[in-house]
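Some notes on the structure that comes next.
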């Protein structure tokens, strides 16, 4: 196992580089939107870890640690050159804790949206916006990576033009609430808050719709003057393709004036002493 590094032309936006990798399985782009130091892109993991409801595992994080093998000493200015990347769902906590099942509806698309989908990657393209460099890097943990790296380098050196925007929503956007049921749930939230039973409730409404095309055209609109990312630039936007049937684009919430917000969802006041009583705490909620 030896460290590999190949220089590539620096680009302030990695959309063209992602276009060169987007057709590979499990392609991932951690996009800084120019607000953080690094963009990280990778694809074609050596192997994958997928947990669905049918597979039991007491501690999925122990499984990941076991797959990563021995720890490797970090290399300066290389935030990621291989390791575990993917997503963990909120429901993954049910594998470690006993939690009540309160959802009225089953999961959407249970066959393609598992509790956890992780790739064990052995290379990455790292764009350093501070030093204005781009490098294909790898720890070469696996023998197959030595054969793969020249192919990846060739792709990145001959990236394609960005595709035309074909992202479309088909049909009606639906919600899991009706106006009446949402009003009823909102009234219940107010009752809980005013009674002092809790200080915060996140009343989530699920919207769904069918869509055409992949995540790349929607993301690459920024290159052609789309205003969304200019209004709401968000570091660590994530674009991940697990399979042709499961593609995800995620970003942190927006804070005041459109700025990214990495704080907790609740702005908490300092805890009061217990003798203040539930009534007193309810008044300040």
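The values are calculated or read from the model by the stated rules, or taken from the named source; none is laboratory data. Since this is a predicted model, take the numbers as computed values, not measurements. Please note: Cβ atoms are built from the backbone with ideal geometry, for glycine as well, and neighbour counts cover all protein chains shown.
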(request) Please determine, by comparing only the residues of the stretch 75-98 that are in a loop (DSSP other than H, G, I, E, B) and loosely packed, with under 10 Cβ neighbours inside 10 Å, which one is modelled with the highest pLDDT. (result) 76
(message) Residues that are assigned to a strand (DSSP E or B) and in contact with a strand residue (DSSP E or B) (Cβ under 7 Å, 6 or more places away or on another chain): does the stretch 54-71 have at least one?
(response) no
(message) For the stretch 58-102, give me each residue that is in contact (Cβ under 8 Å) with a residue 60 or more places away in the chain and in contact with a helix residue (DSSP H, G or I) (Cβ under 6 Å, 6 or more places away or on another chain).
(response) none
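Rundown of residues vs (1) at pLDDT 90 or above; (2) surrounded by 13 or more Cβ atoms within 10 Å (Cβ to Cβ), yes/no style:
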{"residue": "6", "(1), (2)": "yes, yes"}
{"residue": "9", "(1), (2)": "yes, no"}
{"residue": "22", "(1), (2)": "no, yes"}
{"residue": "35", "(1), (2)": "no, yes"}
{"residue": "46", "(1), (2)": "yes, yes"}
{"residue": "61", "(1), (2)": "no, yes"}
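To keep it simple, each residue is scored yes or no on (1) in a loop (DSSP other than H, G, I, E, B); (2) over 20 Å from residue 119 (Cα atoms).
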{"residue": "1", "(1), (2)": "yes, no"}
{"residue": "7", "(1), (2)": "no, yes"}
{"residue": "13", "(1), (2)": "yes, yes"}
{"residue": "19", "(1), (2)": "no, no"}
{"residue": "29", "(1), (2)": "no, no"}
{"residue": "35", "(1), (2)": "yes, yes"}
(request) Report yes if residue 165 is surrounded by fewer than 16 Cβ atoms within 10 Å (Cβ to Cβ) and either assigned to a helix (DSSP H, G or I) or modelled with pLDDT of 90 or more (or both), otherwise no. (result) no
(request) Go through 23, 31 for me and flag whichever is in contact (Cβ under 8 Å) with a residue 60 or more places away in the chain and within 20 Å of the chain's Cα centre (by Cα). (result) 31
(request) State whether the residues of the stretch 141-162 include one that is within 23 Å of the chain's Cα centre (by Cα) and modelled with pLDDT under 95. (result) yes
